[in-house]
Structures are given as structure tokens and as C-alpha cells.
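**Q** Attaching a single structure in C-alpha cells format; questions to follow.
The values are calculated or read from the model by the stated rules, or taken from the named source; none is laboratory data. In this text, all values refer to a predicted model and were calculated from it rather than measured experimentally. With ideal geometry, Cβ positions are generated from the backbone for all residues, glycine too; neighbour counts draw on all protein chains shown. In case anyone asks, the SASA skips ligands and DNA or RNA and just uses the protein heavy atoms, side chains included. Shrake-Rupley method; radii C 1.70, N 1.55, O 1.52, S 1.80 Å.
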Amino acid sequence: MDRISKENYYLDIAETVLERATCLRRVYGAIIVKNDEIISTGYNGAPRGRANCSTLGYCSREAMRIPRGERYELCRSVHAEANAIISASRRDMVGGTIYLVGRDARTGELLGDATSCMMCRRMVINAGLERVVIRRTETEFEVVPVSDWVEEDDLMAPLDPDAILDRQ
């Protein structure tokens, strides 16, 4: 038997974590690892004490016909990356890696296009994580240096002060 890579080992664990997710659209699992130790885990679901979509039996964003990737502030769930980050101390995360796996909640199909939303990317940056490893297939994954997200975020900011004023 061949030994699996560390990346797939940790992605398999993140995939097990997503089994706790309560979203009716997409389920995600995340784990943060540093020095080969799991620092924390997270899955997407409603904040503690609030009803989950799976308990309610409907998705409020779906009920409002909000397309995927838009208006996350109307979602009941806290994202997997955010839950993993808030469950760890920054000093333990700095220099670490977050592993992310997503599946379609209805079909169970692996999401080959899984990634972090812009708000989660900013939390990953602020947490001091160095890499994001995202499962693409059962054995393939993408390694994203967090520094790429820092550069992308800076590219989105308008450099012209007048452009900022025009937006207000």
C-alpha cells in the first residue's frame, strides 16, 4: 500500500470535519495545521445557539434567490475557515496552513472549484497563515500561497483618491 501525501492526509481530515456542516447548499470543512499538529478545525454552520438551515429545512439565501458567491451577509452560516480561525490563537496559526474541502450538500459531489470568499481570505491573511491547500479531486489539490491573496486584495483597491470619493 502506498502512503498518502501529508496534503491528502490533512485534506481527508478536513473532509471528515465537513460532515458536521449544516448548510443546505455547500458543505465545507477546514483544518489549520502548523508543524504537523492540528491547531483547530471548522465547518460551515450557524453561530452557536442559532438554528441551522438543516434544522429549519430551508436556506434563506435560496429563498431570496441570491446567486452563489453573493450577499454572504444574508447567510445564517459562519464559514469553515472563519470557524477554524476563531477557534485558534493567532500565535499558534502564524506560519501555518489551512486545508479546505467542499462538497455539494445535495449531491455530495466534491467541489472542484472550492475556494475562500473575500472575507475569509482577509481572515486567513490576518491570521498569519502562509498557505491554503484546497482539494480539487479525491487526490489532487491546489496550494495557494497566502501572499497571492494579499497581492490580489491590494489590486482590488482603487489607487485614485477621487475614485474612492466617487463611490460614496
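**Q** So if we plug the beta-carbon distance of residue 94 and residue 72 into 1/(1 + (r/R0)^6) with R0 = 45 Å, what FRET efficiency do we get, rounded to 0.05?
**A** According to the calculation, E is roughly 0.95.
**Q** Related question: With each run of n ≥ 4 DSSP H residues scored as -39500 (n - 2.57), what mean residue ellipticity at 222 nm is computed for the chain after dividing by its residue count and rounding to the nearest 500 deg cm²/dmol?
**A** -9000 deg cm²/dmol
**Q** Once the other residues with Cβ under 10 Å from the Cβ of residue 76 are scored (Lys, Arg +1; Asp, Glu -1), what is the net sum?
**A** For residues surrounding residue 76, the net value is +2.
**Q** Skip the ligands, DNA and RNA, and give the accessible area per residue of the chain with a 1.4 Å probe, whole Å².
**A** I get 60 Å² per residue for this part.
**Q** When Lys and Arg each count +1 and Asp and Glu each count -1, what net charge do the other residues less than 13 Å away from residue 127, Cβ to Cβ, add up to?
**A** Once positives and negatives cancel, what remains is +3.
**Q** If each residue of separation counts as 0.36 nm, what is the full-extension length gain between residue 87 and residue 60 once their alpha-carbon separation is subtracted?
**A** The residue 87-residue 60 span can extend by a further 7.1 nm.
**Q** Moving to a separate point now. For semi-axes √(5λ) of the Cα gyration tensor in Å, the choices are [x] 35, 18, 11; [y] 25, 23, 15; [z] 44, 27, 13; which was calculated from the structure?
**A** Among [x] 35, 18, 11; [y] 25, 23, 15; [z] 44, 27, 13, the one calculated here is [y].
**Q** Hey, rough spin-label estimate for residue 16 and residue 117, points 7 angstrom out along Cα→Cβ, what's it come to in nanometres?
**A** 2.8 nm
**Q** May I ask you to give the percent of accessible area on the range 10-70 that is carbon plus sulfur, with a probe radius of 1.4 Å?
**A** That share works out to 46 percent.
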